[in-house]
1. Could you please report the charge total around Ser131, scoring K, R as +1 and D, E as -1 over all other residues with beta-carbon less than 13 angstrom from its beta-carbon?
2. Rounded if a/c is under 1.5, else prolate if a/b is larger than b/c, else oblate: which is the stretch 97-146, with a ≥ b ≥ c the root eigenvalues of its Cα gyration tensor?
3. Among the trypsin sites (Lys or Arg not before Pro) in the stretch 176-208, which ones are in a DSSP loop with at most 10 other Cβ atoms within 10 Å of the Cβ? Mind listing them?
4. When the chain is treated as a GNM, springs tying every alpha-carbon pair under 10 Å, which of Leu35, Leu201, Leu91 comes out with the largest mean-square fluctuation?
5. Sticking with the crude label model, points 7 Å out along Cα→Cβ, report the distance from Asp184 to Glu24 in nm, one decimal please.
6. By how many degrees, between 0 and 90 and to the nearest 10, does the Cα long axis of helix 191-206 differ from the longest principal axis of the chain?
7. Restricting to Cα atoms and excluding each atom paired with itself, what does the Kirkwood estimate give for the stretch 31-131 in Å?
8. Against the empirical 2.2 N^0.38 Å scaling, what ratio does the C-alpha Rg of the stretch 168-239 come to?
Amino acid sequence: MNNNEKPKLHPYYLAYIDILGIKEAINSDKSEEYLEKINCLYNDVIEGLERVKSDKFFIKPEIKIFSDNIVIAIKKEYPYTFREEIKQDLLINTVAYFQMLGLKYSFLTRGGITVENLFLNQNFIYGKALSIAYKIESDISIFPRIVIDNNCVNEFIQNNMIREYLKKDFDGICYLDSFQKYFDLTNGEDKEGLNILQNSLQEKLEEKTTDIKAPFKKYWIINKFNEFCKNNKYEKYMVNTDEYPYNPDYIRTTYSGRAKEFV
């Protein structure tokens, strides 16, 4: 777009992701250590996009990174075609990859996914899509989960490539099962990754923080990881919560099946 061209809004598939706990880290004496980890995470994500982009359809997500947030956006076209399903799947793949890689770096992340109008160029991002996704992340996600906007859930669950990865949580919220999506992308061969996630989440149990909400966020993601391991016969990678010093009633060790697949 040249300087004289009027900017226009256009529909986008958009994900907004936030890294939890970074504000506390920035103010700690380990600020530079966290900076290095975040920098490595973002570099690895950009490099990893080469693995999840769709070469066949020449589709690549737009990425905007600022501090502890990342925006992933793909322009939506009309009419709805298989190419649009590829775009949706690419967005979901990228988000799952980011969330799992974040865990490997010991970062918990949460976010929102929507389909709405956006303006995006090299220097500037603006629009309803960003506003909605940010609100979902800050007000609705609560736990380290990627929540799908209620207004576009039906659009996503019509896509056969991603339907099975959209789950309804205990509170009725639709979220992305990043564990299952990521390990399906790797054909279940990333056993080293399972071990890294197990160790990272185990360390999360012992991590001290002044955030009184942090334990509930950790319990949620550990429960989801353990459920994933149990469902895929990876029991040896499950996080052991038996000796955790907090009240064990806060950690569900049974599997209620309350995260249901959409039909």
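1. Numbers: positive: Lys128, Lys135; negative: Glu116, Glu137, Asp139, Asp149.
Here the count lands on -2.
2. Working: a/c = 2.97, a/b = 1.57, b/c = 1.89.
Oblate shape, in that a/c is at least 1.5 and b/c is the bigger or equal ratio.
3. Working: sites: Lys181, Lys191, Lys204, Lys208; in loops: Lys208.
Here the sparse-neighbourhood loop sites are Lys208.
4. Its mean-square fluctuation being the largest, the pick is Leu35.
5. Label-label distance for Asp184 and Glu24, simple model: 3.3 nm.
6. 70 degrees
7. On the way: mean 1/r = 0.0681 Å⁻¹.
The answer is 14.7 Å.
8. Working: Rg = 13.1 Å, N = 72, 2.2 N^0.38 = 11.2 Å.
Normalised Cα radius of gyration, the stretch 168-239: 1.17.
The values are calculated or read from the model by the stated rules, or taken from the named source; none is laboratory data. As the structure is a prediction and not an experimental result, all values here were calculated from the model. Neighbour counts are summed over all protein chains in view; Cβ atoms, including those assigned to glycine, are modelled from backbone coordinates with ideal geometry. We work out accessible area using only protein heavy atoms, side chains counted, and drop any ligands, DNA or RNA first. Shrake-Rupley method; radii C 1.70, N 1.55, O 1.52, S 1.80 Å.
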